[in-house]
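The values are calculated or read from the model by the stated rules, or taken from the named source; none is laboratory data. Bear in mind the structure is a predicted one, so any value in this text is a computation, not a measurement. Counting neighbours? That spans all protein chains shown, and the Cβs are built from the backbone with ideal geometry, glycine included.
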Amino acid sequence: MDIVLRASAVFVILYLLLRLLGKRELGQLTPFELLVMIVMGDLIQQGVTHNDFSLTGALLAVATFGFLALLLSWITYLFPAMERLLDGKPRVVVRDGTIIAENLRRDRVTRSELESEMRLAGIASLKDVAWAIIEPQGKISFIKAQGGASEQRDRSDPV
């Protein structure tokens, strides 16, 4: 039971730590940050299983983590209000070609990171972006601006 309690405590601490890191931190790990995450995994293992190197201890720790992850998944599925609390909510960072600096700052995303993501999405200029939204998973979604009045007129024409 000791392993289950320690695994539960570590799970909660890890969950809170990852939420504090922010959306973009997990979406773009540098090689050093990846190494830190791997080392953290080993440190967590030592803290959870302590000196228990048995198969039973390892299975208990893994099963506890798996159960708690599944429980969080079910909670966010069954209670939509909890989804925003546990997973976060999308944040608009560009509206009609204008950067919303305060929202970029909240998620610690630089303008150069935003522009890099735009290029990866095939967008050359901010004026071509109607909306840019940082999703709860850390990815940035782009909605391109419409071409103008002539394109709108074409849409209203019968096919």
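Structure values in brief
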quantity: Output for segment 38-65, where each listed residue is assigned to a helix (DSSP H, G or I), surrounded by 12 or more Cβ atoms within 10 Å (Cβ to Cβ) and either small (Gly, Ala, Ser) or in contact with a helix residue (DSSP H, G or I) (Cβ under 8 Å, 6 or more places away or on another chain) (or both); calculated: Ile44, Gln45, Gly47, Val48, Thr49, Gly57, Ala58, Leu60, Ala61, Ala63, Thr64, Phe65
quantity: Residues of segment 128-139 satisfying the condition of being modelled with pLDDT of 90 or more and under 19 Å from Arg108 (Cβ atoms); calculated: Ala132, Ile133, Ile134
quantity: Residues of segment 86-109 satisfying the condition of being at negative phi and touching a Ser or Thr at 6+ places or on another chain (Cβ under 9 Å); calculated: Leu86, Asp87, Pro90, Leu104
quantity: Those residues of segment 112-142 which are exposed (fewer than 12 other Cβ atoms within 10 Å of the Cβ) and either touching an Asp or Glu at 6+ places or on another chain (Cβ under 6 Å) or within 18 Å of Pro90 (Cα to Cα) (or both), in sequence order; calculated: Gln137
quantity: Meets criteria (closer than 30 Å to Ile3 by Cα and over 18 Å from the mean Cα position of the chain (by Cα)) for Gln46; calculated: yes
quantity: Given (1) exposed (fewer than 15 other Cβ atoms within 10 Å of the Cβ); (2) of a type outside the set (D, E, K, R); (3) modelled with pLDDT of 90 or more, index of the condition Pro80 fails; calculated: (3)
quantity: Residue check for Arg91: touching a residue at least 24 places away in the same chain (Cβ under 8 Å) and loosely packed, with under 14 Cβ neighbours inside 10 Å; calculated: no
